[in-house]
């Protein structure tokens with residue numbers, strides 16, 4: 001999305017993506033939330049609805065310590081119905097391996113690469129999983145982010161009751177028990193829904209988001225960043241995730257300003273229907289340029305990020321890969 005002159009101001013946080021990421025989110029001006037959780041669990045039988053509701057309400061370990069409830073008793077079912085009912089395409093379904101072997105095949109393809117924080121118990125759960133609970137919801141123009149929080153709590157309840165691990169398919173992350181507890185402490189933080197992946201080396205090094213698709217935005221990437229600026233580049237991408245969760249969707253050929261540098265978002269990947277799946281940030285050659293080469297680079301953007309870092313740290317770094 002752009003304003004009328006085609007330029008959008010980029011995030012200017014503290015450079016590591018944490019300040020903006022942990023800030024409370026306002027309701028999105030417009031957004032699309034596309035959530036797909038798979039909870040792989042050892043226990044084979046789905047829990048009774050009464051047991052699930054009890055865990056979400058009075059038995060919820062994330063109820064405020066000073067009193068109160070995330071899901072008030074007597075109204076917990078209504079909150080769950082509101083969140084799922086807001087989706088034109090939703091389901092919560094349990095599958096056994098013999099019923100849906102593809103789910104286990106896809107897990108095997110993603111594991112262990114997408115499970116960097118697993119401990120021994122988490123690995124045992126994956127190896128012995130008998131049940132996969134699939135939670136799918138697509139929310140268009142949600143009234144607020146409470147619906148997203150509700151889906152996190154629903155996944156957590158199944159994880160806890162069935163002794164499982166949570167796979168956020170859109171984010172590409174399989175959360176172990178210890179890591180998932182951090183997610184549940186801040187279920188509306190972008191850090192709980194979007195990660196930054198790395199690939200390649202030197203000038204071919206790419207930092208790329210994974211998870212913006214959950215909020216209706218193409219993924220964003222930066223190519224060729226200096227090694228000593230990876231923290232700043234990651235912070236910039238996570239700030240973009242925070243903007244996407246507020247409903248600020250990035251579009252092809254959009255101009256973005258980051259620490260005074262003008263950047264352009266250039267499409268580098270499309271899906272089968274022609275929709276843009278991935279955008280690369282490069283230096284903006286100006287509004288008169290009709291076509292921008294995705295290999296143009298982001299040298300002015302890197303200099304702006306380095307200047308912002310020097311303003312904080314008070315020292316100059318050598319340019320290095």
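With all pairs of different alpha carbon atoms counted, what Kirkwood hydrodynamic radius in Å does the chain show?
Result for the chain, one decimal place: 21.0 Å.
Relative to the longest principal axis of the C-alpha atoms of the chain, give the angle of the C-alpha long axis of helix 299-313, reported between 0 and 90° and rounded to the nearest 10°. Its long axis makes an angle of about 80 degrees. This ranking places 44, 54, 223 by how few other beta-carbon atoms lie within 10 Å of each, fewest first, which gives 44, 54, 223. The P(r) of the range 108-254 has a tail past 18 Å containing 61 percent of all C-alpha pairs. In this structure, residue 81 and residue 307 have a Cβ-Cβ separation that, at R0 = 30 Å, corresponds to a calculated FRET efficiency of about 0.05. Each of 221, 105, 257 was scored by other Cβ atoms within 10 Å of its Cβ. Listed from fewest to most, they are 105, 257, 221.
According to the Cα-based calculation, Rg over Rh for the range 84-163 is 1.01, with Rh computed by the Kirkwood formula. For the chain, the antiparallel share of DSSP beta bridges with both residues in that region comes to about 90%.
Length, then width, then depth: along the principal axes, the Cα atoms of the range 229-268 run 25, 22, 21 Å. Using a cutoff of 8 angstrom between alpha carbon atoms and counting only pairs six or more residues apart, the relative contact order for the chain works out to 24 percent. Using a cutoff of 8 angstrom between alpha carbon atoms and counting only pairs six or more residues apart, the relative contact order for the range 32-187 works out to 43 percent. Entry for the range 116-182 at q = 0.17, 0.29 Å⁻¹: log10 I(q)/I(0) = -0.64, -1.50, Debye formula applied to identical alpha-carbon scatterers, no solvent contribution.
Based on the reciprocal of the average 1/r between different C-alpha atoms, the Kirkwood radius for the range 205-321 equals 14.7 Å.
For the range 32-187, the Cα gyration tensor yields ellipsoid semi-axes of 24, 17, 15 Å (square root of five times each eigenvalue, largest first, whole Å). Counted by neighbouring Cβ atoms within 10 Å, the residues 122, 253 run from fewest to most as 253, 122.
Just so you know, all these numbers are worked out from the coordinates, no wet-lab data involved. It should be emphasised that the depicted structure is a prediction, and the values quoted were computed from it without experimental measurement. Cβ sites come from the backbone with ideal geometry, for glycine too, and all protein chains shown count toward neighbours.
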